[in-house]
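Some notes on the structure that comes next.
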Amino acid sequence: MKNTETPLIKKMKQLNKQVFYILSALIVFLLFYSIFYHDFSMNELVSALIALAVSAVPEGLPAVLSIILSLGVTRMAKEKAIIKKNACG
């Protein structure tokens, strides 16, 4: 059996990469900005950057994605588009 990625999985991976790149660039910018323009200790700076990285990841993303998917399944069920058994198996 081939392991294929669905369009949803591809989009989620693309979104994860975008969030990672933006977050990485922001952390690097804030690191240099804080070192050159503010007098933060390294402990304060590392703690602040870790807090930024943790808080930037959307915590409610899995819940929102589940709600969106369930609404899609509900809409498909109303159109009688859900297959209960695979014809090939």
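Points worth noting:
- Just checking the listed ones, Leu49, Leu71, Leu26: in the Gaussian network model of the chain with Cα springs under 10 Å, the one fluctuating most is Leu71.
- Helix 7-37 axis, angle to the chain major axis (alpha carbon atoms, nearest 10°): 10 degrees
- Between helix 42-56 and the chain: long-axis angle, C-alpha atoms, 0 to 90°, nearest 10: 20 degrees
- Accessible surface of Ile9 - all protein chains present, 1.4 Å probe, nearest 10 Å²: 70 Å²
- Taking the Cα centre of the chain as reference, the dipole from Cβ charges on Lys and Arg (+1) and Asp and Glu (-1) amounts to some 1000 debye.
- Protein accessible area in the chain, 1.4 Å probe - carbon and sulfur %: 67 percent
- Cα-based shape type of the chain, given that a ≥ b ≥ c are square roots of the gyration tensor eigenvalues and the cut on a/c is 1.5: prolate
- Extreme residue, positive dipole direction of segment 1-61, given options Ser47, Leu23, Ile9 (C-beta unit charges): Ile9
The values are calculated or read from the model by the stated rules, or taken from the named source; none is laboratory data. Computed from a predicted model, the values in this text were never measured in an experiment. FYI the Cβ positions are ideal-geometry reconstructions off the backbone, even for glycines, and counts take in every protein chain you see. To get the accessible areas, we keep the full protein, side chains included, count just its heavy atoms, and leave off ligands, DNA and RNA. Shrake-Rupley method; radii C 1.70, N 1.55, O 1.52, S 1.80 Å.
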